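The next block holds one structure in the form of structure tokens; read it before the comments.
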Amino acid sequence: MGRHRSDRRIRGISKGPVVAVGVVIALVLGVLGWFHLRDRTDDQGTAAAGTCVEGDATLTVAADPDIADAVRNIADTYTATRPVVRDHCITVTVHDTPTPAAVDALTTGTWNDTLGPAPALWIPADSTATARVPAVLDGGPKPIASTPVVLAARTDLPGLSWQDLPARQATDLKLALPDDVSASYAVLDAVAAATTNTPGPLDDTQAASPQVTAAISALTLAAPAAGPDPLTALAAGSAPFQTVPATAAALRDHPGLVAVTPTGPTPVADHPAAILDTDWVDDTTARAAAQFVDHLRKPEQQQLLTDAGFGTTPATTLTPATGPAATRLAQTFANPALPQTTTILLDVSGSMGYDDITGTRLNNTVTALTTRLDTLPDSSEVGLWVYSRGLDGAKPYQVKVPTGPLSADDRRTRLDDALRGLRPRTATSTYASLIAAHQAAAEGFTDGRTNSVLLITDGPNDDTSTTAAQLEKALTDAAHPVRVDVISIGDTPDRATLQKTADITGGTLTVVPSAHSPELTAALTDLLA
């Protein structure tokens, strides 16, 4: 029987689908591998940065003592996060640096080691400080925390205004003004603004005005000594003063004190963070400073500053003086002007009736004088004598208005009426009249003031009965030091004698070309201050 051969074959799997599946798997594995490699690379990069291959670096912050503790607490937590800048691990240190001292150091360009290490970031009390040193700043400062400037006191002082402070300084106020505390300067700014009836900012002309100079000088000259820690001393009841400038935030640490906010626009300490552009700041610390400023301005850090007492603003805010005006106020604070007592001795001889462009010499002089007297503060003491010959019997001079405070006896109106009623007379008796006026000023000498005679003349001494030697002896023998300032309208033949008169009394001689000239106005501005 024959065997039949079978035709059946075992069928294999098609290669096409297998290849396709393999490709898909390879792609998936490739993508997963790429993500893994990318994440690993990022992790390695982060780890590499975290190793601080360039080493450690310190960001030094100079902060006003008012805010230094709050900034220091934030800096400590920031440093704990191990911030990295340009492969440097950054440590932030904060030093207490009084704003006035920092301004002085940055103005000179030499950081004083007693203020701490030279900083890359500066946080002064307010923006007036940064405005005084724009050349050393890297970009614009960014305010980080605000608080009103107030008067710290043991009890409230109701009804007090900024304008009241100078008048009440010597009585019930007794305001200390420590020159190393920025709040003192803010208080003076508020007083100056109130004196000129402006919400600020003051301009240079206003800051240099006699009214502002007198107000700041009155506060400064009568200010009790502050001592090294005025708030603590005031709280303990051991201070020789009753009030002292401070910020509302600073009083949180002194619960026994109250914050007195005088009526009127209130100054604010806004604590700007300013990156410095100086020789001691490198790129790394500058970048670290920028990052730390951004950190300070984040909401969570702002809340910490609010918890520390910052963040409040007054109802009416003073716009602070900046630039030359702020500098002028600081100069007056450092060098206050003593109140002045001045007897004006005015030549009314015939030559003062000569034509002088817009009127007679006398009329132009009267106009300049009345304009200047209108600007003097009430604390000024002024009198008016005139001289020629035979004005009061045999006397060549006449007392039109006795010397005294402008605030008393309607003296402003009396001076104005007397000046406007003057007419040129005859000859000139300068020496005899000056001797009499100087003697009267010495007899009425006021302690604590600059006492002076202001002689305004246009001609030589015509009276030969009194010599230059007699004049010199009388001035030298005076019972009290009374300065003689001379304004000569034109260069008179008596110039040598007038110069010697000024020299021996500590005064000045100013020669102006005419009574119509701006030089006369400038001289009166300087001598009647």
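Before moving on, here are some points about what is shown:
- Yes/no for Ala315 being touching an Asp or Glu at 6+ places or on another chain (Cβ under 7 Å) and over 30 Å from Gln398 (Cβ atoms): no
- Tallying residues that are open to solvent by 30 Å² or more (accessible area, probe 1.4 Å) and on the phi < 0 side of the Ramachandran plot within the range 167-193 yields 9.
- Which listed residue is touching a residue at least 12 places away in the same chain (Cβ under 8 Å) and either open to solvent by 30 Å² or more (accessible area, probe 1.4 Å) or out of contact with any Leu (no Cβ under 9 Å at 6 or more places or on another chain) (or both), from Ala289, Ala248: Ala248
- Within the range 505-521, if we keep just the residues that are under 23 Å from Thr403 (Cα atoms) and among the hydrophobic types (A, V, I, L, M, F, W, C), the residue that is surrounded by the most Cβ atoms within 10 Å (Cβ to Cβ) turns out to be Leu520.
- Residue check, Asp462 at pLDDT below 95 and either within 15 Å of Asp347 (Cβ to Cβ) or aromatic (Phe, Trp, Tyr) (or both): yes
- Within the range 515-529, the set of residues being assigned to a loop (DSSP other than H, G, I, E, B), in contact with a Leu (Cβ under 9 Å, 6 or more places away or on another chain) and under 16 Å from Val366 (Cβ atoms) comprises Ala515, Leu528.
- When restricted to residues that are in a helix (DSSP H, G or I), open to solvent by 30 Å² or more (accessible area, probe 1.4 Å) and touching a helix residue (DSSP H, G or I) at 6+ places or on another chain (Cβ under 7 Å), the range 296-342 contains 3.
- Checking each residue in the range 373-390 for being at pLDDT below 95 and either hydroxyl-bearing (Ser, Thr, Tyr) or buried (at least 19 other Cβ atoms within 10 Å of the Cβ) (or both) picks out Leu373, Thr375, Leu376, Pro377, Ser379, Ser380, Glu381, Arg389.
- Members of the range 214-245 found to be part of a loop (DSSP other than H, G, I, E, B), surrounded by fewer than 16 Cβ atoms within 10 Å (Cβ to Cβ) and either touching a residue at least 12 places away in the same chain (Cβ under 8 Å) or at positive phi (or both), listed by number: Ala225, Gly237, Pro240
The rows are residues; the columns are (1) at pLDDT 95 or above; (2) in contact with a Leu (Cβ under 9 Å, 6 or more places away or on another chain).
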site	(1), (2)
Gly227	no, no
Pro240	no, no
Thr243	yes, yes
Leu276	yes, yes
Asp279	no, no
Arg297	yes, no
Ala308	no, no
Pro314	no, no
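- Hits in the range 479-494 (condition: open to solvent by 30 Å² or more (accessible area, probe 1.4 Å) and either within 39 Å of the chain's Cα centre (by Cα) or more than 22 Å from Thr525 (Cα to Cα) (or both)): Ala479, His480, Pro481, Arg483, Pro493
- Residues in the range 391-441 that are open to solvent by less than 40 Å² (accessible area, probe 1.4 Å) and part of a strand (DSSP E or B): Leu391, Pro396, Val401, Gly404.
- Residues located in the range 190-205, provided they are touching a residue at least 40 places away in the same chain (Cβ under 8 Å), under 13 Å from the mean Cα position of the chain (by Cα) and either under 23 Å from Thr247 (Cβ atoms) or not in a loop (DSSP other than H, G, I, E, B) (or both): Ala190, Ala192, Ala193, Gly200, Pro201, Leu202, Asp204
- Look at the range 495-514: where a residue is within 9 Å of Asp485 (Cα to Cα) and polar (S, T, N, Q) and a partner is open to solvent by less than 20 Å² (accessible area, probe 1.4 Å) and part of a helix (DSSP H, G or I), sitting 6+ places away or on another chain with Cβ atoms under 7 Å, you get Thr501/Leu471; Thr501/Leu475; Thr505/Leu475; Thr508/Ala502; Thr510/Ala523.
- On inspection, Ala474 qualifies as within 24 Å of Arg389 (Cβ to Cβ), hydrophobic (A, V, I, L, M, F, W, C), surrounded by fewer than 19 Cβ atoms within 10 Å (Cβ to Cβ) and at pLDDT 95 or above.
- Among residues of the range 258-273, those that are of a type in the set (Ser, Thr, Tyr) and either surrounded by 19 or more Cβ atoms within 10 Å (Cβ to Cβ) or in a loop (DSSP other than H, G, I, E, B) (or both), counted: 2
The values are calculated or read from the model by the stated rules, or taken from the named source; none is laboratory data. Remember, predicted model here, so these are calculated numbers, not experimental data. Here the Cβ is made from the backbone with ideal geometry for all residues, glycine too, and neighbour counts use every protein chain on show. Side chains included, ligands, DNA and RNA excluded: accessible areas come from the protein's heavy atoms. Shrake-Rupley method; radii C 1.70, N 1.55, O 1.52, S 1.80 Å.
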